[in-house]
Every structure is written in C-alpha cells, then in structure tokens.
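Notes follow once the structure below has been shown.
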Amino acid sequence: MVQGNREFISLMALLMSLVALTIDAMLPALSQIGDDLQVANPNDIQLIVSTVFFGMALGLMLYGPISDSYGRKRAIYLGIIIFLVGSLISSLSTSFSMMLIGRVVQGFGAAACRVVTLAMIRDNFSGKEMGRIMSLIMVIFIMVPALAPSLGQLVLLVAEWRVIFWMIFMLALAGLLWLHFRQPETLSEENRIPFSLKNIIAGIRETLSQPYTRGYTIASGLMFGAFVGYLSTAQQILQVQYQLGDLFSLYFGCLALAIGCSSFVNSRLVMHFPMELLCLISLSVLCVISLVFYCYIEFMLEPSLAVDGVSQPSLVAFMLYLASVFFCFGVLFGNFNTLAVHPLGHIAGVATSVISSVQTLLSVGIGGLIGQYYNGTVQPLVLGFLMCGVTTLGITVYLHYTPSKT
C-alpha cells in the first residue's frame, strides 16, 4: 500500500472515531458524572451514551448534501466546529439536562465525520477494494474505543471527568488541522451537485428505491442497535455487576480488539470471497452462539449463581461470549456499509446521509430499548443480540437470493 493510502486510511479512521471516542472515553466516568449531576435513576445515565447517537441521527441528513454541493472537506469543517461547541457545553455542564444538550450537539457535529468520510472513501474506491479499505480503516477505528476507556481512566486518576471532554476537544481539533493541511479534496468541481431541496429529495428517493441498499441499511441498523445496547450497559455490567472497578477499561478494550482483529481478517477475506457470503456466515455464527449462550444462562446455570432469580454466568464465560460475538461484528460493520452504498457512487454524499441516518435512528431505538431493560443481569443484552441477529440474518438471506440487486 502506498504511503498516501496509509495516511488517508489513518485520517479517515481518526475522523470516524470521534463518535466512538466521545462515548467510550466517558464510560469509566459515568458513575461520577451521575453523582455530580445528581442523576436519580441509574439507568438514566445511559442517556449520556444514547443522546450522542440521537444527535448524530439529526445531523446525518444535513452533511451529505452539503458535501455533494460544496465539497467533502467543507462539510467536515462545519461538523467538527459544531462538535467542538458540544464538547465545550458538556465540559461546563452544571446539570444533567445541560450535559445531554451538549451530547446531542456533539453527536450532531460528529455526524459529518461519519457520513462524509464514507463518501470520501467511495470517491476513491469501489467494490472489493472499497471493502478492503473499509476493513483496514475499521482496524484503526476499533483501536480508539479499545484505548479510549483506558485514557478516560487515566484522566480520572489525576483530574475530574470534565478534563476528558477537553482531551476529546484537542483530538478533534488535531483531526481538523490534519484534514485541512494534508488531505486534498476528493470531489472535483465538475462532479458537484447544486444545493437544492429538489436535488436532495431526488437523491433520497433514488437511495430508498434501491432494494439492495435499503435492505443492507436496515440490516446494519439492527446489528448496530444491538451494539449500542452493549455500549449503553457496558459500564453497569462490567464495572458494577461484575465489580471490575478500575479494571473495566482493560476488559472493555480487550473486547474492542476482537472487532479490530476481525476487521483485519475481513480485509483479506473480501479479496477472495463475496461480501454477502461473509456476512451470511458471520450472522449464522453469531445467532448460534447467542442462542446457545442464552439457553446456558437461562436453563443450565446453578441456582447459586442467580441474581434476582436470573442466573449469571461467570465473567470468563461472558467475556468469551462477547469476544465471539464482536468478532462477527468486525466482519459485518464494514461489509454492510460497503454493500449499502456500492450502487450509489454517483450520489455518494446524499446516499451515505440517508443510509447513515436510517442506520442510526434504528440503532438508537433498539439500543435504548435494550439498555432500559437492563435488570442487573446479562440476560437482556444476550437476548438483544440474539433477536437482532436472527432478524438481520433473515434480511441478508433474502437479499442474497433475490435475483435483482440494483
């Protein structure tokens, strides 16, 4: 791989990682934030995670059309500036409501990084090569959530939780400067589309009219929803339920690395096997593992391991289960996005906005539902993985055996 591609991959991964960073670095501090801002219901602390995705869903439809009309870099400039404002609001919060407003603004700004980076990748690559590049980006992308809780934990050892927001602020600013000075614009003037409501509506209609795009968008939204459910409850499950304390960030990072390793493996596999087949195999494995593990905790554990009448698996068993599931996720995330946007390279900005917006709205709803069902056990999370996996497998099988994919 040439040096230019390496820098491009690194930059895209950093920009795409802003959302993961602003969520995962805060996880070790959720309890402190809840105490400082006087949050009464422990499950309400999950809103610090889910409101970021809600804000992102609101912004996703904006930046794609802007990038199609005014260039990819200008759209990302706008988004990062808004993200920086949201970071300031959150860092200065004196109430839980103010914190949630700042998190929504952060998500609204970070939406540009998610949708426009995907459009920039589509500008330069397509097909299997795009799948390979996406998988390599995912490797670096996953390193951020793997390390972010540890960074947050280190900050908490010497400072209060507000300093974590300042750390995120500086990294976002560094990404903005890197983009400005080192990355050329990927959308030429002659390929830009005039900004108008008519053109946006036409792009939305074209995107939603593609059965292949529509199906993989819903599929990815379902699976990401299960992952959002995990992110929303990870601190409560690992740090509180399993009493890991300061070791939470280490365990969380190890699980994130499972996705990174899988993404690296997928970057090799997509050059030799169809992405659809890889998704089918990964989903099948995920469903089988989740079904077996759910039956295990529901029917096979000894009553002595029960918590509030529900059996709780050992930490080792639970970690092995999550690592296996996340390895499957590493194959799915990059491939689903590539498959969804592939037929729409000529309107990549609007298309990625629509795709990402639908994905995020689905994931926020599903992840929030899973999180609110948390009852001090892992049962709701495992059941969420199983139900989302089975539904997504059905959609993927249908798409795979549908004659027309355009």
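FYI, it's all coordinate maths here, none of it is from the lab. Here the structure is a predicted model, which means the values were calculated and not measured. When we count neighbours, we look across all protein chains shown, and the Cβ atoms used for this are built from the backbone with ideal geometry, even at glycine.
With point charges of +1 on the Cβ of Lys and Arg and -1 on the Cβ of Asp and Glu, referenced to the Cα centre of the range 1-141, which listed residue (G55, Y70, M99) lies farthest in the positive direction of the dipole? It is Y70, whose Cα lies furthest towards the positive end. Here is the tail figure for the range 49-185: Cα pairs spaced more than 23 Å apart come to 39 percent of all pairs. Note on K128, K198, K73: ascending count of other Cβ atoms within 10 Å places them as K198, K128, K73, the fewest first. Across the options V115, F181, L14, the greatest Cα extent toward the positive end of the charge dipole of the chain (unit charges at beta carbon of Lys, Arg, Asp, Glu) belongs to F181.
Taking Cα centre as origin and charging only the Cβ of basic (Lys, Arg, +1) and acidic (Asp, Glu, -1) residues, the dipole magnitude of the chain rounds to 1060 debye.
With a ≥ b ≥ c the root eigenvalues of the C-alpha gyration tensor of the chain, is it rounded (a/c under 1.5), prolate (a/b larger than b/c) or oblate? Oblate, since a/c reaches 1.5 and b/c is not below a/b. Site pair I281 and N41 shows an inter-label distance of 4.4 nm when each label is modelled 7 Å from Cα along Cα→Cβ. Taking V39, V104, V228 in turn, the Gaussian network model of the chain (Cα-Cα springs below 10 Å) assigns the largest fluctuation to V39. Modelled label positions at L315 and R6, each set 7 Å beyond Cα in the direction of Cβ, lie 3.8 nm from each other.
By the count of neighbouring beta-carbon atoms within 10 Å, fewest first, H342, H272, H400, H180 end up ordered H272, H180, H400, H342. With a Förster radius of 45 Å applied to the C-beta separation of N191 and C254, the computed FRET efficiency comes to 0.55. The residues F195, F8, F165, when put in order of fewest to most other Cβ atoms within 10 Å, stand as F195, F8, F165.
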